[in-house]
Amino acid sequence: MAEVLLISAAKGILDGLLSLEKNQIEDLIVGQVKLAWDFKKDLEKFCNKLEFIQGLLADAENRKITSAAMTVWLKRLKAATSDAENVLDELAYEALRRKVEVPIAVLP
């Protein structure tokens, strides 16, 4: 039963690819390669900005802030920073999971 589903899914994917024109396939491949190349650069920018924001938050914690608006803004910024750190943790976990999974899949 699982083989039938797998074959059916593969046939659907191949039919979809075959229905694309050559230039559409090339555009799809080029887009995927560009996305992969840009990802590392974008991730480095993201990490640099996050590090800068963490520095601002550390400075703010050392100062006495009396403005209620500033306190709310800093609280929200701290929450956003925490969310960004969680995204980076998930990316690191996924990268590690893929490194571990690939060798296992290759084993006979």
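Readers should treat all values here as calculations from the given coordinates under stated rules, not as data from a laboratory. All values derive from a computational prediction rather than experimental measurement. Because the Cβ atoms are built from the backbone with ideal geometry, glycine has one as well, and the counts that use them run over all protein chains shown.
Computed quantities for the displayed model
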{"item": "Karplus 3J(HN,Hα) series, Hz, for segment 78-93 with 6.51 cos²θ - 1.76 cosθ + 1.60 (x for Gly, Pro)", "result": "5, 5, 5, 5, 4, 4, 5, 5, 5, 4, 5, 4, 5, 5, 5, 4"}
{"item": "Least to most buried among 25, 53 (fewest other Cβ within 10 Å first)", "result": "25, 53"}
